Amino acid sequence: MSILITGASGKYGKDSIEFLLEKKVNPKSIVALVRNEAKGEEFKKLGVQVKLGDYDNYQSLLDAFKGVDKLLFISSNDVVKRLPQHENVVKAAKQNNIKHIIYTSFVRKNNNETSPVHFIESAHAATEILVKESGIPYTLLLNGLYTDLLTEFFFGPKVLEQGIFFPAGDGVTNYTTRRDEAEATVNILLDNSNKHLNKTYILANSEKSTMHDASAILTEIAGKTVPFTSPDEDTYKNVLSKFVPVEYIHFGVAFALAIKQSEFETTHTDLPELLGRTPTSLKQFLTSSYKK
């Protein structure tokens with residue numbers, strides 16, 4: 001059984017390969033798809049197969065998918081070209097008679113222009129349709145918003161000293177760690193009972209949190225008050241413009257406003273069952289990230 005992971009050099013891809021190896025999958029049956037040789041070196045050292053492929057190059061995908069049974073299709077991070085890239089992946093998978101395709105989409109409430117992140121959601125929604133209509137047995141994963149984004153982007157490097165400055169208001173989100181989602185994904189990949197075929201799962205934490213909750217946790221960790229300030233959109237943009245590129249400001253504002261209107265909140269989740277345990281809490285994640 002050959003399993004190919006697209007976007008293997010990204011964090012989700014690396015975590016997925018790590019879990020596959022931890023679960024004693026033969027490295028020779030794992031295929032890491034990367035865009036260039038350099039990105040594949042770390043996988044070769046682990047005994048994992050490496051194939052070159054680019055979402056923009058249909059022929060490269062067609063060649064890379066030969067002999068593959070299961071495809072973990074990790075979505076492209078190119079917001080502008082994502083949909084045509086995804087069309088290439090699905091088309092190449094169908095041409096190679098892939099037996100099971102797992103696609104990483106994400107949780108959202110309003111799949112229309114009312115959502116601040118509609119520019120991201122639209123390609124995911126279209127890809128879900130492409131996958132379903134391909135005729136390939138599929139599993140669609142509606143992933144919860146990564147808890148990791150808090151520490152990687154939203155909080156900033158000096159959050160314990162300066163507090164949380166983010167226009168998310170009182171919005172509620174099921175923050176979910178990337179590693180929990182990757183582990184659940186691998187559990188699906190390795191289950192050969194066919195019970196996951198043609199299913200859509202919500203991989204989100206059962207715990208719901210606000211930025212006020214994060215502030216309270218960080219306050220406990222730091223031993224001093226770590227305040228949460230939710231500025232208006234213009235103030236946030238002006239402050240960030242002194243430190244980060246414009247495209248990152250656009251990304252930050254969009255996600256902040258989506259969080260503010262609880263766009264990523266869900267009342268249902270399949271993650272605990274797929275993990276076989278309780279997902280990592282916000283407190284556990286932040287403590288492991290900031291506790292000295």
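Only one of Leu62, Leu33, Leu83 is out of contact with any Cys (no Cβ under 7 Å at 6 or more places or on another chain), open to solvent by less than 50 Å² (accessible area, probe 1.4 Å) and farther than 17 Å from Thr185 by Cβ; which? Give the steps one after another, and end with the answer.
On the way: Leu33 fails: farther than 17 Å from Thr185 by Cβ; Leu83 fails: open to solvent by less than 50 Å² (accessible area, probe 1.4 Å).
Within the list Leu62, Leu33, Leu83, the selection yields Leu62.
Residues in the range 72-108 that are in a helix (DSSP H, G or I) and under 17 Å from Leu197 (Cβ atoms): Val90, Ala93, Lys94.
Residue-level check: of (1) farther than 19 Å from Arg108 by Cβ; (2) open to solvent by 10 Å² or more (accessible area, probe 1.4 Å); (3) part of a helix (DSSP H, G or I), Pro157 misses just (3).
Consider the range 51-109. How many of its residues are more than 17 Å from Leu130 (Cβ to Cβ) and not β-branched (Val, Ile, Thr)? The qualifying residues number 17. Scanning the range 160-204 for residues that are open to solvent by 40 Å² or more (accessible area, probe 1.4 Å), part of a loop (DSSP other than H, G, I, E, B), of a type in the set (S, T, N, Q) and touching a residue at least 60 places away in the same chain (Cβ under 8 Å) turns up Asn192, Asn198.
For the range 36-59, the set of residues classified as charged (D, E, K, R) and surrounded by 15 or more Cβ atoms within 10 Å (Cβ to Cβ) consists of Lys39, Glu42, Lys51, Asp54, listed by residue number.
Put simply, of Thr280, Thr229, Thr267 the only residue that is open to solvent by 80 Å² or more (accessible area, probe 1.4 Å) and either closer than 16 Å to Ala204 by Cα or in contact (Cβ under 8 Å) with a residue 40 or more places away in the chain (or both) is Thr267. Among the residues making up the range 264-292, those that are among the hydroxyl-bearing types (Ser, Thr, Tyr) and assigned to a loop (DSSP other than H, G, I, E, B) are Thr266, Thr267, Thr269, Thr278, Thr280, Ser281.
Checking each residue in the range 220-255 for being within 28 Å of the chain's Cα centre (by Cα), among the hydrophobic types (A, V, I, L, M, F, W, C) and either within 24 Å of Gln284 (Cα to Cα) or part of a loop (DSSP other than H, G, I, E, B) (or both) picks out Ile221, Val226, Phe228, Phe243, Val244, Phe255.
Within the span defined as the range 3-10, every residue fails to be open to solvent by 70 Å² or more (accessible area, probe 1.4 Å) and out of contact with any Asp or Glu (no Cβ under 7 Å at 6 or more places or on another chain). Ile101 falls short on exactly one of the conditions (1) free of Cβ contacts under 8 Å to residues at least 60 places away in the same chain; (2) open to solvent by 10 Å² or more (accessible area, probe 1.4 Å); (3) of a type outside the set (D, E, K, R), and that condition is (2).
The residue that is nearest to Gly10 (Cα to Cα), counting only those in the range 65-80 that are at pLDDT below 95 and open to solvent by 70 Å² or more (accessible area, probe 1.4 Å), is Asn77. The set of residues in the range 129-146 being part of a loop (DSSP other than H, G, I, E, B) and closer than 18 Å to Tyr201 by Cβ consists of Ile136, Pro137, Gly144, Leu145. Residue under question is Ala126, and the condition is that it be surrounded by 20 or more Cβ atoms within 10 Å (Cβ to Cβ), outside any strand (DSSP E or B), modelled with pLDDT of 95 or more and hydrophobic (A, V, I, L, M, F, W, C); does it hold? No; evaluated as a whole, the condition is false for this residue. Entry remark, the range 129-147: residues being open to solvent by 20 Å² or more (accessible area, probe 1.4 Å), out of contact with any strand residue (DSSP E or B) (no Cβ under 7 Å at 6 or more places or on another chain) and either in contact (Cβ under 8 Å) with a residue 60 or more places away in the chain or of a type outside the set (A, V, I, L, M) (or both) number 2 in total.
Of everything in the range 261-292 that is of a type in the set (Ser, Thr, Tyr) and touching a strand residue (DSSP E or B) at 6+ places or on another chain (Cβ under 6 Å), the residue that is nearest to Glu183 (Cα to Cα) is Thr269.
The values are calculated or read from the model by the stated rules, or taken from the named source; none is laboratory data. This one's a predicted model, so the numbers in the text were calculated from it and none came from an experiment. Reconstructed Cβ throughout: ideal geometry from the backbone, glycine too, with neighbour counts over all protein chains shown. Note: areas computed on protein heavy atoms with side chains; ligands, DNA, RNA excluded. Shrake-Rupley method; radii C 1.70, N 1.55, O 1.52, S 1.80 Å.
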